[in-house]
1. Which numbered condition trips up residue 39, out of (1) farther than 13 Å from residue 1 by Cβ; (2) assigned to a loop (DSSP other than H, G, I, E, B)?
2. When residue 54 is evaluated against the numbered criteria (1) under 16 Å from the mean Cα position of the chain (by Cα); (2) of a type in the set (Gly, Ala, Ser); (3) within 18 Å of residue 5 (Cα to Cα), which criterion, by number, is the only one it fails?
3. Can you pull out every residue in segment 26-55 that is touching a residue at least 12 places away in the same chain (Cβ under 8 Å) and loosely packed, with under 11 Cβ neighbours inside 10 Å?
Amino acid sequence: MKTTINRIEAGRLLPQADLKRLGLAPKRALRVILETLDDEDEISVTAMNVQGKAFDHLADEPELYSDDDLIERNEDFVR
């Protein structure tokens, strides 16, 4: 997975010694690209949606379609 963080202050990412060694002021704006080397801790999109609660409001909504609708519309494919 690859993620980009735009405009984050160097002082929020690096300790003072590293800032000095790299010649960066603590307030210097950086673009940071983070890339994971493995997928061990990567969560699925479904898990992200559950954790983010973005679709929780839909739990109170009535269902628009049932399994019967799907079978009826795709009757030729089911047989």
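The values are calculated or read from the model by the stated rules, or taken from the named source; none is laboratory data. None of these values were measured; they are calculated from a predicted model. Positions of Cβ are backbone-derived with ideal geometry, glycine not excepted, and every protein chain shown enters the neighbour counts.
1. (1)
2. Unmet condition: (3).
3. Across segment 26-55, the qualifying residues are 27, 29, 31, 33, 34, 35, 39, 42.
Quick grid of which residues meet (1) at pLDDT 85 or above; (2) in a strand (DSSP E or B):
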site	(1), (2)
5	yes, yes
17	yes, no
27	yes, no
43	no, no
51	yes, no
62	yes, no
68	no, no
